[in-house]
Every structure is written in structure tokens, then in C-alpha cells.
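The values are calculated or read from the model by the stated rules, or taken from the named source; none is laboratory data. Everything numeric in this text was worked out from a predicted model, so none of it was measured. Cβ coordinates were reconstructed from backbone atoms using ideal geometry, including for glycine residues, and neighbour counts include every protein chain displayed. Ligands, DNA and RNA are excluded from the accessible area calculation, which covers all protein heavy atoms including side chains. Shrake-Rupley method; radii C 1.70, N 1.55, O 1.52, S 1.80 Å.
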Amino acid sequence: MANSKSAQKRIRVIEKKTAINSNRKSQLKTAVKRFEEAVEAGNVEAAREKLNTAKKIIDKTAAKGTIHKNNAARKKSKLDKLFNDLTA
């Protein structure tokens, strides 16, 4: 257990940030999973809509610092490749 007041506060702040970050990551994973399901179903319109949603969430997550910007770029590139393979 932390002894000083400042250390106790840091623990509280870290717990809040951890909860927020895990929520954001969960939203990101869900959006990606829904896009991949639309691709597997072969539904181009649904996949296009889910792709835009997933990219938006990825960008927001990277902007908030939960994931690194290069990680976000890699994820978006992977999704674009899946969509391009579907439409080709």
C-alpha cells in the first residue's frame, strides 16, 4: 500500500485510466470483429460501413494515446487490404 498522499492519488488516477483504456480497446476490437464478420459474409455495403466505423474508432483511440499511431496505421492498412480483397 502506498504511504504518501500523492502515491495514493497516483494509484487512483492509474485505476481510472486503466478502466478507460480497456474500454477503448474493447470498442476497437469489437468494431474490427464486426467488420471482419461482414467481410466473411461477403456483404460489400455492410463491410464498407463497418470499415468506416472501425477506422474512426482506431483514429480516436490513437489520438487519445491508448494505442500508438503506427499501430493504428497498421490496423487500418490490414482492414483496407481485407476490404480490397473482398471487392476485387
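For the pair Lys78 and Ala19, a Förster radius of 35 Å applied to the C-beta separation gives a FRET efficiency near 0.80, rounded to the nearest 0.05.
Once the chain from Lys9 to Glu36 is taken as fully extended at 0.36 nm per residue, the excess over their C-alpha distance is 5.6 nm. Tell me what the chain gives for mean residue ellipticity at 222 nm when only DSSP H runs of n ≥ 4 count, each as -39,500 (n - 2.57), the sum divided by the residue total, rounded to 500 deg cm²/dmol. So the helix-based figure for the chain works out to -30500 deg cm²/dmol. Could you compute the net charge surrounding Lys64? Neighbours are other residues with a C-beta less than 12 Å from the C-beta of Lys64; K and R count +1, D and E count -1. Taking every Cβ under 12 Å from that of Lys64, the sum is +4. Averaging the sequence gap over all C-alpha pairs within less than 8 Å and six or more residues apart, then dividing by the number of residues, gives the chain a relative contact order of 27 percent. Taking all protein chains as they are arranged and a probe of 1.4 Å, the heavy atoms of Thr87 leave approximately 70 Å² accessible to solvent.
Rounded to the nearest 20 Debye, what is the dipole magnitude of the chain about its Cα centre when Lys and Arg each give +1 and Asp and Glu each give -1 at the C-beta? Write out the running numbers ahead of the final one.
Working: 23 positive and 9 negative charges, 169 e Å.
That gives the chain a dipole magnitude of about 820 debye.
Going through (i) 11.4, 32; (ii) 17.4, 61; (iii) 15.2, 53, the figure that equals Rg and Dmax of the Cα atoms in Å as computed for the structure here is (ii).
Which trypsin sites (Lys or Arg not before Pro) in the stretch 9-88 sit in a loop by DSSP (not H, G, I, E or B) and have at most 13 other Cβ atoms within 10 Å of their own Cβ?
Lys64
Rolling a 1.4 Å probe over the protein heavy atoms gives the chain an accessible area of 74 Å² per residue. Cross-linked pairs Lys50/Lys75; Lys16/Lys60; Lys17/Lys81; Lys29/Lys69; Lys33/Lys64; Lys16/Lys69: Cα-Cα separations exceed 25 Å for Lys17/Lys81.
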